[in-house]
Amino acid sequence: MSITGNGKIQRKLVMLFVDVGTSETPEWEQIGKGIEELAREMNNNVESVTDITGETDVEVTKGNQTSSVSPFKARKESKLFQKLYKIYTDDLELSDVEMDFLEVSVFDEVSEGVYSAIKQRGAVDLKSFGGPTSGVEMPFDINYIGAKEKGNFTLATKSYAKSTGV
């Protein structure tokens with residue numbers, strides 16, 4: 001981790017990618033065109049208990065993390081659109097809607113042009129198909145599954161490598 005300097009971090013420096021390639025050849029497509037807000041919601045479980053002495057104990061446990069991608073405008077050149085369209089047309093479910101996602105922190109430069117990244121599997125919940133006259137929309141939620149895998153992402157080549165160190 002190599003975060004240096006001072007000041008606020010611009011939102012464009014946290015990028016979300018989805019693997020639209022094959023299991024043999026990953027291909028990372030960035031999500032975000034036309035989207036003004038995109039966040040990973042922690043959905044933590046918070047339990048608070050006040051005992052008979054008046055002291056309060058709070059426990060926070062990890063919840064199911066999610067991201068809502070909306071609006072998502074269908075674009076013919078987008079391989080993600082093609083995968084979402086297949087979910088829609090083939091009524092896919094269960095493991096057939098799972099994809100690999102990659103969150104890249106461009107403010108955390110590991111070496112020149114290489115940035116800290118987190119890879120995680122996610123199940124896609126397609127919310128709707130259609131929308132207004134301005135274009136076909138396909139908003140969806142990402143429900144993250146399993147453990148995060150830390151790694152590095154080379155922006156110029158759009159290639160990911162799992163971290164080998166601690």
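The values are calculated or read from the model by the stated rules, or taken from the named source; none is laboratory data. Owing to the predicted nature of the structure, the values given are computational and were not obtained by experimental measurement. All Cβ positions, glycine included, derive from the backbone under ideal geometry; neighbour counts span all protein chains shown. The protein model used for the area step is the full one, side chains on, heavy atoms only, and it has no ligands, DNA or RNA in it. Shrake-Rupley method; radii C 1.70, N 1.55, O 1.52, S 1.80 Å.
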Item to check | Hey, residue 96 of a type outside the set (Gly, Ala, Ser), in contact (Cβ under 8 Å) with a residue 60 or more places away in the chain and more than 23 Å from residue 71 (Cβ to Cβ) or not | outcome: no
Checklist entry - Can you find even one residue in the stretch 39-56 that is open to solvent by less than 50 Å² (accessible area, probe 1.4 Å) and within 24 Å of residue 8 (Cα to Cα)? => result yes
Item to check | Subset of the stretch 133-166 (residues that are surrounded by 13 or more Cβ atoms within 10 Å (Cβ to Cβ), of a type in the set (D, E, K, R) and more than 15 Å from the chain's Cα centre (by Cα)) | outcome: 137, 158
Item to check | residue 32, sole failed condition from (1) at positive phi; (2) over 13 Å from the mean Cα position of the chain (by Cα) | outcome: (2)
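Taking the stretch 71-87 on its own, how many of its residues are in contact with a strand residue (DSSP E or B) (Cβ under 8 Å, 6 or more places away or on another chain) and under 13 Å from residue 21 (Cβ atoms)? Explain how you work it out, then say what you get.
Keep residues of the stretch 71-87 that are in contact with a strand residue (DSSP E or B) (Cβ under 8 Å, 6 or more places away or on another chain), which gives 71-74, 78-80, 83-84, 87.
With the extra rule that they be under 13 Å from residue 21 (Cβ atoms), the set shrinks to 79-80, 83.
Qualifying residue count, the stretch 71-87: 3.
Can you pull out every residue in the stretch 91-110 that is in contact with a helix residue (DSSP H, G or I) (Cβ under 8 Å, 6 or more places away or on another chain) and not in a loop (DSSP other than H, G, I, E, B)?
If the condition is that a residue be in contact with a helix residue (DSSP H, G or I) (Cβ under 8 Å, 6 or more places away or on another chain) and not in a loop (DSSP other than H, G, I, E, B), then 96, 97, 99, 105, 106, 107 are the ones that fit.
Any residue that is in a loop (DSSP other than H, G, I, E, B) and within 23 Å of residue 75 (Cβ to Cβ) - is there at least one of those in the stretch 111-128?
Scanning the stretch 111-128, I find at least one residue that is in a loop (DSSP other than H, G, I, E, B) and within 23 Å of residue 75 (Cβ to Cβ), so the answer is yes.
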Checklist entry - Here is a list of conditions, (1) more than 19 Å from residue 149 (Cα to Cα); (2) touching a residue at least 60 places away in the same chain (Cβ under 8 Å); (3) open to solvent by 60 Å² or more (accessible area, probe 1.4 Å), and residue 64 meets all of them except one; can you say which number that is? => result (1)
Checklist entry - Taking the stretch 77-132, which residues are open to solvent by less than 60 Å² (accessible area, probe 1.4 Å), within 25 Å of residue 159 (Cα to Cα) and aliphatic (A, V, I, L, M)? => result 80, 84, 97, 99, 102, 104, 106, 114, 117, 118, 123, 124
Next on the checklist: Which pairs turn up if I take residues in the stretch 44-56 that are in contact (Cβ under 8 Å) with a residue 60 or more places away in the chain and look for partners that are open to solvent by less than 100 Å² (accessible area, probe 1.4 Å) with beta carbon separation below 8 Å, at least 6 apart in sequence or on another chain?
Outcome noted: none
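For the stretch 129-148, which residues satisfy the criterion of being in a loop (DSSP other than H, G, I, E, B) and either on the phi < 0 side of the Ramachandran plot or β-branched (Val, Ile, Thr) (or both)?
Looking only at the stretch 129-148, we keep the residues that are in a loop (DSSP other than H, G, I, E, B), and these are 129, 131-136, 138-139.
Answer for the stretch 129-148, where residues must be in a loop (DSSP other than H, G, I, E, B) and either on the phi < 0 side of the Ramachandran plot or β-branched (Val, Ile, Thr) (or both): 129, 132, 133, 134, 136, 138, 139.
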